[in-house]
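A short write-up of the structure that comes next.
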Amino acid sequence: MYASPKNYQRRESLILIASFLRKACYAVALTALVVVSGAGADEIRLPDMGSPADAVLNKTEEARIGRAIMQQIRASGQLVEDPLINEYISEIGHRIAAQTNDGEQNFTFFVVEDPNINAFALPGGYIGVHTGLIDATRNEDELAGVLGHEIAHVTQRHIARAIHANSRQSILTTALMLGAIVLGASSGSADATQAAIAVAQGTAVQQQINFTRSNEYEADRIGIAALADAGYDPHGMATFFEVMSRLQPATPEMRAPEFLRTHPVTSARIAEARSRAREYPRSLSDDSVSYGISRARILVERFETAAEAVAYYEARDYDNQTDIERYGRAAAYQRAGRHVEAMRIFEELLARDQGVIAYHIGLGQTQFSLEMLDRGTDTFERAVELFPRNVPLVIHYGEWLIQLGLAEKAHDMLLDLMNNVPPTPEQVRLLARAANDAGEIAEAYYYLSEYRLMTGDLIGGIGFLRQALAVPDLEEIQRIRFEARIDFIREFMTEEQLKQMQRSGPAGIAARNGR
């Protein structure tokens with residue numbers, strides 16, 4: 001269910017990556033010494049077949065590397081789990097990607113909690129955006145411009161092409177470059193993860209894969225065309241470049257924004273982007289409400305205290321605020337526990353626009369917080385009827401249903417959503433919580449197994465399945481399903497993992513995976 005149990009575990013990911021890179025005559029840093037000592041560089045030749053990029057790194061292999069890096073970014077705890085923000089970034093990203101993608105490339109868009117202004121593309125179609133970048137953009141077209149640029153890096157396979165372009169380097173140097181992608185992320189620290197991201201994007205530092213100037217210009221060209229085709233202002237990319245160029249440090253000692261270090265912006269590049277944008281009709285569309293809401297939610301959480309967030313929004317007279325500013329004010333009141341004031345604003349906003357899901361969610365949340373249970377339920381039920389299977393809506397409603405002791409209803413609703421929309425690991429864990437509170441203990445263990453698999457713990461995944469099999473009064477259909485899942489997972493495990501699992505036994509694994 002949800003995701004096939006690929007070999008996500010850090011150690012196994014490194015072994016897997018080393019294996020297929022050796023076939024292409026490259027190795028990650030962990031295996032570099034073994035490869036070099038076992039054969040001289042002159043004895044190793046690149047396969048003379050297929051496209052240059054595929055000869056080094058095909059799309060399947062890129063996806064595996066991307067998953068390995070994502071596992072470590074997720075382990076760092078920096079991923080933003082706000083469903084409203086994630087849904088918006090995913091929506092805008094897929095809208096642009098649809099204009100450049102041939103259907104063979106899957107994309108995953110996510111947000112990283114980091115005030116630095118940056119965005120990055122990882123192998124396999126993983127596109128990350130820092131909260132600092134979303135906050136720094138002045139309009140939706142600029143945000144779309146950044147996403148368009150990163151999407152183009154993926155569709156044009158710049159990472160694989162950069163590796164191929166460095167094929168004349170020594171095997172050890174190339175191994176170290178590739179190792180930076182994986183091993184830099186493996187520590188789980190923010191600095192190491194950022195270093196790996198910089199490598200993936202092409203920081204122009206020796207012994208790291210760097211996107212060439214032509215790669216950057218190509219990403220601009222492809223991205224601008226995609227922006228226009230997707231209905232965004234093609235000038236959005238150039239205007240954001242202009243904003244970033246003003247942040248260039250006055251002296252070398254001053255630290256440049258992350259975006260400038262990974263995406264060097266010159267006057268020539270800005271002029272080129274402007275010139276290309278003029279080839280397309282200019283879009284005059286307004287920013288979407290979702291853009292404003294996402295920025296407001298990021299801004300509210302950026303302040304160290306709720307009082308600071310409230311003070312920021314109260315600094316301007318309420319009557320002179322836009323609806324988005326009023327939404328931010330209500331969100332700040334929510335954070336401060338001032339639910340009556342927040343509820344009044346949400347009621348006013350919803351009365352003006354029933355089509356904004358965030359207004360429904362905000363009103364329902366404040367009503368529940370004020371123990372207006374019937375009104376809160378009515379608000380969420382009307383919203384679910386208007387927007388069936390909307391991810392942020394169902395997740396927020398499910399969380400409240402669990403708190404209110406209506407776990408069975410939450411379980412049914414969340415299960416329906418996740419069987420139709422690919423969930424995140426945290427959403428699967430919420431489903432497990434709902435199942436457990438509803439008394440569906442075996443199913444709760446099953447969901448926790450899926451959660452473990454999605455975060456790279458194959459042994460832990462089997463451990464939870466074994467606990468599920470030990471639940472009294474287990475139905476035969478459940479037993480068959482759980483045993484089949486165990487057999488399926490074992491196919492992806494290494495010999496060492498299988499031996500470790502055998503040594504631990506069901507009891508040992510169950511104890512290690514205690515919730």
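Sorting the segments 481-487, 470-476, 438-444, 362-368 by their mean number of nearby beta carbons within 10 angstrom, highest to lowest, gives 362-368, 438-444, 481-487, 470-476. With the simple spin-label model, which puts each label point 7 Å out from Cα in the Cβ direction, the Arg338 to Glu385 separation comes to 3.4 nm.
Sorting 412-419, 60-67 by average packing, meaning the other beta carbons within 10 Å per residue, from highest down gives 60-67, 412-419. The Rg/Rh ratio for segment 336-440, using Cα coordinates for both the radius of gyration and the Kirkwood hydrodynamic radius, is 0.98. Rolling a 1.4 angstrom probe over segment 375-465 with all protein chains present gives an accessible area of which 47% lies on carbon and sulfur atoms.
Between Tyr217 and Leu498, the modelled label-to-label distance comes to 5.4 nm, taking each label 7 Å out from Cα in the direction of the beta carbon. With kT/(6 pi eta Rh) evaluated at 25 °C and eta = 0.890 mPa s, and Rh the Kirkwood radius from Cα pairs, segment 375-484 diffuses with a coefficient of 170 µm²/s according to Stokes-Einstein.
One way to sum up the overall shape of segment 261-305 is the equivalent ellipsoid from its Cα gyration tensor, whose semi-axes run 31, 20, 6 Å, largest first. All C-alpha to C-alpha distances of segment 344-404, sorted into 10 Å bins beginning at zero, yield P(r) values of 25, 61, 14, 0 percent in whole numbers.
Shown here for segment 324-396: GluC sites (Glu not before Pro) in loop regions (DSSP other than H, G, I, E, B) with at most 11 other Cβ atoms within 10 Å, namely Glu371. Between Asn320 and Ile441, the C-beta separation translates, for a Förster distance of 45 Å, into a calculated FRET efficiency of about 0.25.
Averaged per residue, what accessible area in Å² does segment 86-130 show with a 1.4 Å probe, protein chains only?
Working: 1660 Å² over 45 residues.
Value for segment 86-130: 37 Å² per residue.
If the chain between Tyr312 and Val421 were fully stretched, how many nm would it gain, using 0.36 nm times the residue separation less the Cα-Cα distance? Using 0.36 nm per residue and subtracting the Cα-Cα distance, I get 35.6 nm. In this simple spin-label approximation, Asp378 and Asp353 carry label points 7 Å from Cα along the Cα→Cβ vector, and these lie 2.5 nm apart.
For segment 371-461, run through the trypsin sites (Lys or Arg not before Pro) and keep only the ones in DSSP coil with at most 16 other Cβ atoms within 10 Å of their Cβ.
Counting only loop positions with at most 16 other Cβ atoms within 10 Å, the trypsin sites (Lys or Arg not before Pro) in segment 371-461 are Arg389.
With a Förster radius of 51 Å applied to the beta-carbon distance between Arg479 and Glu91, the computed FRET efficiency rounds to 0.80. Two numbers describe the Cα atoms of segment 424-509: Rg and Dmax, which are 12.5, 38 Å. Calculated accessible area for segment 322-409 comes out at 44 Å² per residue, all protein chains present (probe 1.4 Å; ligands, DNA, RNA ignored).
The values are calculated or read from the model by the stated rules, or taken from the named source; none is laboratory data. Every value quoted in this text rests on a predicted model; they were computed, and no experiment measured them. Every residue, glycine among them, receives a Cβ derived from its backbone with ideal geometry; neighbour counts consider all protein chains shown. Remember, those area values only see protein heavy atoms, side chains included, never the ligands or the DNA or RNA. Shrake-Rupley method; radii C 1.70, N 1.55, O 1.52, S 1.80 Å.
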